[in-house]
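Heads up, the thing below is written out as structure tokens.
The values are calculated or read from the model by the stated rules, or taken from the named source; none is laboratory data. All values reported here derive from a predicted model rather than from experimental measurement. Cβ atoms come from the backbone with ideal geometry, glycine included; neighbour counts cover every protein chain shown.
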Amino acid sequence: MKLTCIILLLSLSLSACDHGLEPPDFSGTGTIVGTIEYVGQWPAIEELQDLRFVGMRFVPRDTSDFLQLNLMAISGGLKKQVDFDEFRVDEVTTGLYLYSGIAQKFDADLLSWRPVGLYTNDGGIFSVAPNQTTEIHIRVDFNNLPIFPPTQ
Amino acid sequence: MKRMVVILWLLVFGSDLQAQSLKGRILSEDGDPIPGANVLVEGTGFGAAADANGHFEIPRLPSGTLVVSISSIGFYSNRMTVVLAVGEQKEVEWTLRVKVFESDEVVVTASRREQPALSVPVSVSILSADELSRRNVISLDDALRSVSGVQVLDNQINIRGSSGFAYNTGSRVLMMLDGRPLLTADSDGIPLEALPSTEIERIEVLKGPGSALYGSGALGGVINVITKDYPDTPTSTVRMFAGTWEPVRYATWRQGWAHGDEFRPFWGLSASYSEKKSPTFGWWGNFSFRRDSGYMELSGRDVFHGFGKATWRPKPSYKVDVLLGLMAKQQDDFIFWASARDVLSPGRVSFGDPPDPNASPNGAPDNFVKQISFLPSFTHFLNAHWFYEVKGRVFGSLVQPIDDGTGKLKKLSEGTVGFRYGAEGQLNWFPRPETRMVFGLSRDAITTRSSFFTTTNGDDLGGQPEAAIFSHLEQELSEDLQFVGGLRYDHYQVDDATVETRLSPKLSLAYTWYPGQVVRLAWGHGFRVPSFAERFTDDREFLPIVRNLDLRPERSQSIELGIRGSIRAAGQLSWDVSVFHNTYSGFIEPRLVLAEQAFQFINLPNATIDGAEIQFEWQDQAQRFKVRTGYTYLDSKEDATGEDLPFRARHQIVSSLDSKIWKSISGGLDFRFSSEPERVESDFARFIPDAEIMGDTRVLDLRISGTKGPFEAAIIVNNALEYYYVERPALLGAPRRYTLRLTYRQ
């Protein structure tokens, strides 16, 4: 009985020998640079609280998905009331970006963001590779905003 | 009129004024005296302990039929019926049968009175003082990690899957100290460190709803910490421990923190003194201090405790108890990591906007916490059939934030002050030896002021008066069959606009189908009223959280079938096997609510948890070797979707082994396993990197100790196999650490 108990407990304990959780592999980071072309009538200035490029590694289901900051690459604030602009985002997580574009914050609330122009080449998907720069172009037509949430 | 009252009183109690007494001797079957055997007259405060020759004497007893229980460690307890005529001084000689292997465990939580653990008709686990000492347990979460069916998610206690993870807000397990509720006034959280660690007699864990006896909070179970009584000879204990956290094995993790490569120290000191000053007065005092530099950045803490308890029995029929506790703690509260590649550094999150790399880490707010508990009680034994208890309780807590930049305390108005206070009266009636009844009333209130709360009136000061009436019946239907029933009605005045009421019943049966083998069937209801924090928190400093005035109480219902027993098998083998079916409705959890553009505590749909638990304990004949194993299986589902409930481990194993190695040297090990939760869901994972990562937990602790005279030395290695795990999202579980402990007891 005693020996059985000891063997059983030692067997259980040895299952912990693999050390469990470990740091995930680091696949490096890349850079996204982009150009933006604006057409159409710009919104009123009070509805232009913020404007940024947002690259998402997923396709959002609703505005609550804008909180998945872990899965997004976000630029600094963009110029407003211009016809053309450029952006650059460094140290971006590598992988596929499935839904990306220019987002406008139209109110003070946390989730008051909406897409005003999407990256549409190659089905809207681009890839970021380690130590590589990915170049994209986005066209924003304020008179013809993308449907949100997107139809899958 | 006055004369009539005296005559009436004499008619009723007159016989009790005579000098009846009972004296005798307690012997083993071999005729040897049993020193220290306890002789108690049931339902009264009368009793005595046998002297070195087995002699005892109980004077001033009431006349009539008395039931006397005789017990001693290592012997089977016995009950005798004695008829005392008026003025009779009876002499008896009783024998006890040698039991050797079975412990004389008693529990109090199941029925608000002491009773043998074997005959309790519900699932209860007991952690003895000896077990707590062997493991160098210094906080409640440390202790509970070794209890079968209990899962600890950082600071949240989960009994049989009742709780998920909600950052210690709204505990679904009621914590009590000597039977008095001890949940924080603001969040109904469990004060895990508010314990007199060296003066704990045992910790009882009731698995299943306990609201029929204890009201709100006992939705998933009850933890009752019972403090020690007083020794016949004065006892002093001084304990010191010191140790170190070993640096984690992965360089990637160590590089994220400037101190990642260092051994991080911790140490502590405690001293206690207890004595029975006279037959009518006893007391103990205990203080402790510990400092832990922490194994992660900003995870250190300093904790000071002071506890004292005194009991005064001016007459055999009166008893006054007072317990006072103080705790002060300064801590860095590491909430979430930077990422799975940087687990030793707290995260930096600018919620809703792109992260600002220069922002101070808000994954580890600093706080200075003070707590005070004051628990007086008065017991009066009226006669052999009646006694009553009046218990008071005050539990206050103060949380003062510390400025990250300057290290100075912020204003109290930026923190939280809360008091939970109240009293209860309990009348115990034992009309016959086979019938026991309890009736009670309780009244409590909560007053909390916090910069984070906005009550219905728009004020930051709130109160939540509550009142309850309860009753409890134990009836032995036959020699082998015991029935227990209970009913409690609770009334909560949440605020001016909201009143909550709840009726909580329970029924159970215990059937002794063979000597020492008991089958039990238990059914009961549980509920929990939302805490202040869940209902009223309205703040946007760390996360946008809005209050929810429509929050409803959570409810649970449980049915359990179990069997408990023991047999001789090359020693003594004990077991407890149970299956249970629990249903829950209105679970309160934080969720992101789009309509509010913020997080909010909301009621979730119904859920069901089915499960089974098996526990075995075996001790060899010479009592040199003891092994204990428990396995718990949980199948938890949301009724509407059929999905698993988040953060519940389907399989859990806890095991321990203790053995005398050589002369006064003993060794032991504890192992715990819990499987990766079937589902991990947290809105926090949306913005905290890698918060969705969970896995198995497999932790082995080793210990060895030796004694010489009044000294004891022990070496403890926790997480000896260096297994890395997360107990809850984005927090690395404790890595390997080494502790040296020295104890002097005289």
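Computed values, structure above
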quantity: Unmet requirement for B:ARG736, which otherwise passes all of (1) buried (at least 18 other Cβ atoms within 10 Å of the Cβ); (2) more than 9 Å from every other protein chain (Cβ to nearest Cβ); (3) over 30 Å from B:ALA338 (Cβ atoms); calculated: (3)
quantity: Filter result for B:ALA258 (away from every other protein chain (no Cβ under 14 Å), among the small types (Gly, Ala, Ser) and over 30 Å from B:VAL107 (Cα atoms)); calculated: yes
quantity: Residue list for the stretch B:670-683, restricted to those being surrounded by 21 or more Cβ atoms within 10 Å (Cβ to Cβ) and at the interface with chain A (Cβ under 10 Å from one of its Cβ atoms); calculated: B:ASP670, B:PHE671, B:ARG672, B:PHE673
quantity: Single residue of A:ALA108, A:ALA73 found to be within 12 Å of chain B (Cβ to nearest Cβ) and at pLDDT 90 or above; calculated: A:ALA73
quantity: Verdict on B:ARG591 being under 30 Å from B:SER504 (Cβ atoms) and within 14 Å of chain A (Cβ to nearest Cβ); calculated: yes
quantity: Hits in the stretch A:106-145 (condition: within 14 Å of the chain's Cα centre (by Cα) and part of a loop (DSSP other than H, G, I, E, B)); calculated: A:TYR119, A:ILE125
quantity: Criterion: surrounded by fewer than 19 Cβ atoms within 10 Å (Cβ to Cβ) and within 14 Å of chain A (Cβ to nearest Cβ) - qualifying residue of B:ILE545, B:ILE567, B:ILE563, B:ILE559; calculated: B:ILE567
quantity: Of residues in the stretch B:280-335 being touching a residue at least 40 places away in the same chain (Cβ under 8 Å) and of a type in the set (Val, Ile, Thr), the one nearest to B:LYS408 (Cα to Cα); calculated: B:VAL303
quantity: Test set (1) in contact with a strand residue (DSSP E or B) (Cβ under 9 Å, 6 or more places away or on another chain); (2) within 14 Å of chain A (Cβ to nearest Cβ); (3) modelled with pLDDT under 90 - B:SER345 fails condition number; calculated: (3)
quantity: Residue satisfying all of: in the stretch B:624-652; of a type in the set (A, V, I, L, M, F, W, C) and without any contact (Cβ under 8 Å) to a residue 60 or more places away in the chain; farthest from the other protein chains (Cβ to nearest Cβ) among these; calculated: B:ALA640
quantity: Where B:ILE665 falls short, out of the listed (1) touching a Lys or Arg at 6+ places or on another chain (Cβ under 8 Å); (2) within 24 Å of B:ASN719 (Cβ to Cβ); (3) among the hydrophobic types (A, V, I, L, M, F, W, C); calculated: (1)
quantity: Listing of strands (runs of 3 or more DSSP E) fully contained in the stretch B:670-731 that carry 1 or more residues being more than 25 Å from A:CYS17 (Cα to Cα); calculated: B:697-708, B:711-718
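Per-residue answers, yes or no, for (1) touching a residue at least 12 places away in the same chain (Cβ under 8 Å); (2) in contact with a Gly (Cβ under 8 Å, 6 or more places away or on another chain); (3) of a type in the set (Asp, Glu); (4) surrounded by fewer than 14 Cβ atoms within 10 Å (Cβ to Cβ):
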position	(1), (2), (3), (4)
A:LEU98	yes, yes, no, no
A:LYS105	yes, no, no, no
A:TRP113	yes, no, no, no
A:THR133	yes, yes, no, yes
A:ASN144	yes, yes, no, yes
A:THR151	no, no, no, yes
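Here is a yes/no grid of residues against (1) at pLDDT below 85; (2) at positive phi; (3) assigned to a helix (DSSP H, G or I); (4) in contact with a strand residue (DSSP E or B) (Cβ under 8 Å, 6 or more places away or on another chain):
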| position | (1), (2), (3), (4) |
| --- | --- |
| B:ASP16 | yes, no, yes, no |
| B:ASN53 | yes, no, no, yes |
| B:PRO59 | yes, no, no, yes |
| B:GLU93 | no, no, no, yes |
